[in-house]
Amino acid sequence: MTPRLLLSLLLFLAAAASGWPDAATPPPQPSAGPGGADYRFERVGQHATGEEAEDAVVFWPESSTPIGPLPVVVFTHGWGATKPEYYLAWLQHIVRKGHLVIYPRYQTNLRTKPATFTPNALTGVRKACDWLKTQSNLPQPDMANWIVAGHSVGGLLATNLAVELPRQGLPAPKALLAVEPGKTWGPDRAQVPLSDLSQLPATMLLVVVTGENDQIVGERDGRRIFEESTGIPRENKTWLGLSDDDHGTPALRGGHRAPCAPPPDFKPPTEGRKGGIRRRVAQAVLSQVGGDESDFAASRREPIGVDALDYFGTWKLLDALCDTAFRGQNRDYALGGGPAQLGMGVWSDGTPVKPLRVLGGARAPQ
């Protein structure tokens, strides 16, 4: 053995004996502020009005003392996520911050036609409001303060609801968060019609988020929502990009499933004894939305959980929209392209997480 090889071996053994340096870990949830853990309430109640496409799940904060009317967040889920478990941590976060959440199902099953999604969601919202009126012991909706938010197909439906709710005699939302929205394109049978976005009022706040590594819907519909909302001035809207960051462990992945936020004990559905359920569901998805099988396979392999992309990304942005629209606070976290909006926290070794990217809208002075 040469002296150089011997020295390398000794250095390797010394490093192994002392322990390798730990990899950087992602930032935890901040203690306060948009996305933070400064909760008004600890417990969350929920009720489903039924199991059909025109039903909804209602979430409210539980308290030993009476609670007055609360602002409402209408949250529309991704394709097939009719049960809220895939987003439950996020939904509970919204409620514990001091809001009611209405979660319209809009699908009975995977065979529900996309053309019916928006009218189904509208009916679900109305049924949720009607049910709340019968519950005198629960907080009631503040009909002057509503926001709509959604992920994937739900991002399109949230956008449609922003237009259609006031047309149906329901409250006009003050803000809209469309996260990784899609698809209005693909096979005719799969397209989700988009409402006339020029009807969105100038006072509405709009945040669109797309994923850098979203292989399912990409940026096409996010761009469309941003550009077709012509009535909303530049200072009231923004289009942001969510990035991957593999600086530490676990890595942060801004793919299509990044906004999913299941509880810690969540267990995805298994194939069961007969097997093939996942494969058949994937084939049904492909036939409905015209996706590429390899892209869907890659998406299904993405880990889902709560991390910095939630705390400093989607959760922060929705909290900030609520604060801005309902309370006149934290506008710099919701809009403007400044550090408060774009910052994603810091890895444990002090390295900043890759910030959100401004793809459209106002930018803060550099």
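Limited to segment 146-178, what total is found for residues that are closer than 12 Å to Leu321 by Cβ, in contact with a helix residue (DSSP H, G or I) (Cβ under 7 Å, 6 or more places away or on another chain) and buried (at least 24 other Cβ atoms within 10 Å of the Cβ)?
Of the residues in that region, 8 qualify.
Can you pull out every residue in segment 1-44 that is of a type in the set (A, V, I, L, M), surrounded by fewer than 14 Cβ atoms within 10 Å (Cβ to Cβ) and at pLDDT 95 or above?
Initially, segment 1-44 is screened for residues of a type in the set (A, V, I, L, M), giving 1, 5-7, 9-11, 13-17, 23-24, 32, 37, 44.
Now restrict to residues that are surrounded by fewer than 14 Cβ atoms within 10 Å (Cβ to Cβ): 1, 5-7, 9-11, 13-17, 23, 32.
Of everything in segment 1-44, just one residue is of a type in the set (A, V, I, L, M), surrounded by fewer than 14 Cβ atoms within 10 Å (Cβ to Cβ) and at pLDDT 95 or above, namely Ala32.
Only residues that are over 16 Å from the mean Cα position of the chain (by Cα), within 23 Å of Ala175 (Cα to Cα) and of a type in the set (Asp, Glu): list them for segment 203-255, please.
Glu227, Glu228, Glu235
Looking only at segment 176-195, decide whether some residue is part of a helix (DSSP H, G or I) and either under 17 Å from the mean Cα position of the chain (by Cα) or modelled with pLDDT of 95 or more (or both).
no
What pairs come out if I take residues in segment 109-120 that are under 16 Å from Asn160 (Cα atoms) and pair them with residues that are of a type in the set (Gly, Ala, Ser) and not in a helix (DSSP H, G or I) whose C-beta lies under 6 Å away, six or more apart or interchain?
Correct list of pairs: Asn120/Ala53.
Looking at segment 179-212 only, could you name the residues that are surrounded by fewer than 16 Cβ atoms within 10 Å (Cβ to Cβ), in contact with a Gly (Cβ under 8 Å, 6 or more places away or on another chain) and not small (Gly, Ala, Ser)?
Pro187, Gln199, Pro201 - these are the residues of segment 179-212 that are surrounded by fewer than 16 Cβ atoms within 10 Å (Cβ to Cβ), in contact with a Gly (Cβ under 8 Å, 6 or more places away or on another chain) and not small (Gly, Ala, Ser).
Scan segment 96-125 residue by residue and report those that are closer than 25 Å to Leu70 by Cβ, surrounded by fewer than 24 Cβ atoms within 10 Å (Cβ to Cβ) and either in contact with a Gly (Cβ under 6 Å, 6 or more places away or on another chain) or of a type in the set (Gly, Ala, Ser) (or both).
Gly98, the sole residue that qualifies.
For segment 220-250, name all the residues that are acidic (Asp, Glu), touching a residue at least 40 places away in the same chain (Cβ under 8 Å) and in a helix (DSSP H, G or I).
Asp221, Glu227, Glu235
Scanning for something closer than 25 Å to Ala23 by Cα, in contact with a helix residue (DSSP H, G or I) (Cβ under 7 Å, 6 or more places away or on another chain) and small (Gly, Ala, Ser), does segment 230-239 turn up at least one residue?
No, that holds for no residue.
The values are calculated or read from the model by the stated rules, or taken from the named source; none is laboratory data. If you're wondering where the values come from, they're calculated on a predicted model, not measured in any experiment. Reconstructed Cβ throughout: ideal geometry from the backbone, glycine too, with neighbour counts over all protein chains shown.
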